[in-house]
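Trainee: Got a structure for you, written out below as structure tokens; questions coming shortly.
The values are calculated or read from the model by the stated rules, or taken from the named source; none is laboratory data. Source: prediction; values computed, not measured. Counting neighbours? That spans all protein chains shown, and the Cβs are built from the backbone with ideal geometry, glycine included.
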Amino acid sequence: MAAVPHGQPVGPTTFQKRTMGAMMGAGVGLTIGFIFGSFTILRGGAGPRGALSTLSQYMLSSAATFSFFLSIGSVIRNDGELPPHWEAARLQFSPMNIHSRSQGISMMKARWDMEKRKEQLQ
């Protein structure tokens, strides 16, 4: 495993994630465009421009749409404050707040009593 220089980001940058999302979206879009374009050509004919032109239009338009939305999604997903391995460690070592039913009821009654006292003071 290669050593990571101190202070350098460990994972891919936001730009790299956006590019990766766009490339995955283009691949998915080309495939979906091929499927739907082929189905349309087989069902309704190629039209006045020909089969290849119609199929390429379907493929390119769906590839552009999918790549746009997947790149946005990958940037939004990258918006976290902590790196993923730190977030996983935080969730793993945080104390669990699981109480029994009787503890929950007593906590709820205590909060209600506190709210009643606040209302009486006002």
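Trainee: Of the residues ALA88, ALA63, which is under 30 Å from SER38 (Cβ atoms) and of a type outside the set (Ser, Thr, Tyr)?
Mentor: Exactly one residue qualifies, and that residue is ALA63.
Trainee: While we're looking at this one, here's another question. Where residues in the range 34-73 are of a type in the set (Val, Ile, Thr) and under 30 Å from THR14 (Cβ atoms), which of them is modelled with the lowest pLDDT?
Mentor: ILE72
Trainee: Also, I was wondering about something else. Since THR31 meets every condition but one in (1) at pLDDT below 90; (2) part of a helix (DSSP H, G or I); (3) polar (S, T, N, Q), which condition does it not meet?
Mentor: The failed condition is (1).
Trainee: Something else about it: Kindly evaluate SER102 against the criterion of being polar (S, T, N, Q), surrounded by 10 or more Cβ atoms within 10 Å (Cβ to Cβ) and part of a helix (DSSP H, G or I).
Mentor: For SER102, the condition - polar (S, T, N, Q), surrounded by 10 or more Cβ atoms within 10 Å (Cβ to Cβ) and part of a helix (DSSP H, G or I) - is not met.
Trainee: Against the condition basic (Lys, Arg) and in contact (Cβ under 8 Å) with a residue 24 or more places away in the chain, how does ARG77 come out, does it pass?
Mentor: Criteria met by ARG77.
Trainee: I want to confirm something. Restricting to the range 69-99 and keeping residues that are farther than 30 Å from VAL28 by Cβ and of a type in the set (Phe, Trp, Tyr), which single residue is surrounded by the most Cβ atoms within 10 Å (Cβ to Cβ)?
Mentor: Within the range 69-99, the match that is surrounded by the most Cβ atoms within 10 Å (Cβ to Cβ) is TRP86.
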